[in-house]
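To start, the structure itself, in structure tokens.
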Amino acid sequence: MTQPSNYYESVQSSLSYLKTKFLFKRGEIEVIESPSEFYDTLKKKITTAKKRVFIASLYLGSSEDELIKCVSDAMKNNKDLKVSFLIDGLRGTRETPAKCSASLLATLVRDYGNRVDTRLYRTPAYVGWKRLLIPKRYNEGIGLQHMKIYGFDDEVLLSGANLSNDYFTNRQDRYYLFKRKEFTDYYYSLHKTISALSYKVEYSNNNQKYKMFWPSDNLANEPIHGRRQFLKKSSLVISEFLNRPRKPNIPIDDLGKYPTTVYPVSQFTPLFNRGYDESTERPAVLKLINSMCSPLNEWFFTAGYFNMLPDIKKALFSCRAKAGTVITASPYANGFFESKGMSGSIPDAYLYLSKKFLKDVRKSGKSDTITLREWQRGVVNKPNGWSYHAKGIWITDSTDDSDKGYPVGTIIGSSNYTRRAYSLDLESNAIIVTKDDQLRENMQHELDNILKYTKPVNLEDFSNEAHRQVNTKVKVATAMLGKRL
């Protein structure tokens, strides 16, 4: 493997304005590749945790009794263990009064009392007429807690995966395990901050088996009793968290032992007053892309739900990298494929957006350097069929144009890099830049594992293949609802 050129230094310079960064030694970041390995790691780390487990996810599948039992057994075996959950308050209660995330987690509160802290975040936009009139399955369109953070003692796993059976078996995602206490403490602090702007869950003997309330010691008032006041306070709380300096204090002589730099970045737009958004993810991602100023760079971008933020697309089109590859889900690998009701049209909506992207590639004169590839592994919801949910960016760097090069940087986390990710949801990601040969090799292996199930797609395919024909109703709906896809 060749050594990277000066890209490492270039990224460090472009992201030097960030208040938070962490340095890692070799072997302190582990790349996990399969859903089953992700699930096994979760269970193993929960079982062996001594002091804390903290989990933030969109939801917990209503059939995940095994995971609940794993947490319960860990708490029985270790009286010092405390557990914190942060779930979205709309997605996590959708099935009420049937079994749902909230009712499952409430059983742990029932059994272990204040050793378990379960929180439901509800977007402050969920007030007034929206709260009263938007049906359950569709109210998630106004905003979600979308972070995926899985912490165990002094380790934290960042991913795009949620906690349900498909994410543990046949839904491809990405998963990085970080083994450094200071880094884990940061995400624990992040987890607790958002939890203190969320509802608390307790067990109840009522029909839904849980109750939720707004604790008096939360960091702001309940949004339904004053949204403006809530945003005024939450803006200050989140701004203080993101702007608190956290940088390593390592002697210059020891810096060579730390070949990897990681920058946590988050998008918390819904918690800021309009016009006062100090989220760190969007500007950092754009700066990272703009640092790809060398023809020695090659980039790979993926999102299971492909609706790229226009600013990101513009930056990718403008950079002078020698090649770029976009990986998206085939309609047959979209989790909404053949689902009932309006959601059954979602794969066609993303298909339409893929075609528009290819038109933009041609219009920008980038057809020779930017490629779109679709990921498919069987047909989702059929025997041996997989769905695709991976998201992220990889940047490779080589010392000469003939060398493919291995990744020197990646972004791992929850964001799909869409318009809704930067306006409606809570997202958290980590930018990794490294000179560590072993980590670079592991990132390349991860990328190869994804690429082997892809094939290139071009504009002609949309004309020649019947399943790529999208009706006018879907096109109009996509144009109207694009911000929420």
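The values are calculated or read from the model by the stated rules, or taken from the named source; none is laboratory data. Just so it is clear, the structure is predicted and the values come from calculations on it, not from any experiment. Positions of Cβ are backbone-derived with ideal geometry, glycine not excepted, and every protein chain shown enters the neighbour counts. Calculation scope for accessible area: heavy atoms of the full protein, side chains included, ligands and nucleic acids excluded. Shrake-Rupley method; radii C 1.70, N 1.55, O 1.52, S 1.80 Å.
Of note:
- Using θ = phi - 60° and Karplus 6.51 cos²θ - 1.76 cosθ + 1.60, couplings along region 102-110 (whole Hz; Gly, Pro as x): 4, 6, 4, 5, 5, 5, 5, 5, 4
- For the pair Ala479 and Gln12 in one chain, pulling the backbone fully straight at 0.36 nm per residue adds 164.3 nm over the alpha carbon distance.
- Extension gain (nm, one decimal) between Asn464 and Lys356, 0.36 nm per residue minus Cα-Cα: 37.3 nm
- Sequence of Glu441, Glu202, Glu281 when ordered by accessible area, the most exposed leading, probe 1.4 angstrom: Glu441, Glu202, Glu281
- Compactness index (Cα Rg / 2.2 N^0.38 Å), region 4-111: 1.43
- Carbon plus sulfur fraction of accessible area for region 269-379, probe 1.4 Å, in percent: 50
- Residue-wise HN-Hα couplings along region 113-125, as the Karplus relation 6.51 cos²θ - 1.76 cosθ + 1.60 with θ = phi - 60° gives them from phi, are x, 6, 6, 10, 10, 10, 10, 10, 7, 10, 3, x, 6 Hz; Gly and Pro carry x.
- Whole-Å distance, taken between Cα centres, linking region 15-40 and region 57-80: 24
- Intensity falloff of region 240-310 expressed as log10 I(q)/I(0), Debye formula with alpha-carbon point scatterers, at q = 0.17, 0.18 Å⁻¹: -0.97, -1.03
- Of all lysines in the structure, the ones whose alpha carbon falls short of 21 Å from that of Lys50, not counting any fewer than 8 places away in one chain, are Lys69, Lys76, Lys79, Lys82, Lys179, Lys181, Lys192.
- Between Asn471 and Asp73, the simple spin-label model (points 7 angstrom out along Cα→Cβ) gives 4.9 nm.
- Residue-averaged 222 nm ellipticity for the chain, from DSSP H runs of 4+ at -39500 (n - 2.57), nearest 500: -10000 deg cm²/dmol
- Prolate/oblate/rounded label for region 34-180 (Cα gyration tensor, a/c 1.5): prolate
- Viscosity 1.306 mPa s, 10 °C: Kirkwood-radius Stokes-Einstein D of region 246-393 over Cα pairs, µm²/s: 88
- Remark: region 259-385 carries 41 Å² of accessible area per residue (probe radius 1.4 Å; ligands, DNA and RNA excluded).
- Relative contact order, whole percent, for the chain stands at 20, derived from Cα pairs under 8 Å and 6 or more residues apart.
- Volume of the convex hull of the chain (Cα atoms only), normalised per residue: 148 Å³.
- Distribution of pairwise C-alpha distances over region 343-485, 5 Å bins, in %: 2, 8, 13, 17, 20, 19, 12, 7, 3, 1
- Reducing region 87-124 and region 228-271 to their Cα centroids gives an inter-centroid distance of 28 Å.
- Kirkwood hydrodynamic radius (C-alpha pairs) into Stokes-Einstein, region 204-260, 4 °C and 1.567 mPa s, D in µm²/s: 83
- Listed residues Ser318, Ser84 arranged by accessible area, highest first, probe 1.4 Å: Ser318, Ser84
- Modelled spin-label separation between Glu182 and Lys247, with each label point placed 7 Å from Cα along the Cα-to-Cβ direction: 1.2 nm.
- The listed residues Trp214, Trp129, Trp299 rank as Trp129, Trp214, Trp299 when sorted by accessible area, largest first, using a 1.4 Å probe.
- Note that region 409-417 has calculated 3J(HN,Hα) couplings of x, 7, 10, 10, x, 8, 6, 9, 6 Hz, one per residue in order, obtained from phi through the Karplus relation 6.51 cos²θ - 1.76 cosθ + 1.60 (θ = phi - 60°); glycine and proline are x.
- For Asp117, residues with placed amide H under 5 Å, excluding near neighbours: Val83, Ser84, Phe85
- Sorted largest first, the spans of the alpha carbon positions of region 56-138 along the three principal axes are 47, 23, 19 Å.
- Average projection, convex hull of the Cα set of region 131-253: 11.9 square nanometres.
- A convex hull fitted to the Cα coordinates of region 105-148 yields 115 cubic angstrom per residue.
- Tyr210 long-range amide H proximity, modeled H, under 5 Å: Ser204
- Only beta bridges with both residues in the chain are counted; by DSSP, about 65 percent of them are antiparallel.
- In this structure the amide hydrogen of Ser279, modeled in the peptide plane, comes within under 5 Å of the amide hydrogens of Phe268, none closer than 5 places in sequence on its chain.
- Of the peptides 152-162, 137-147, the ranking by mean beta-carbon count within 10 Å, highest at the top, reads 152-162, 137-147.
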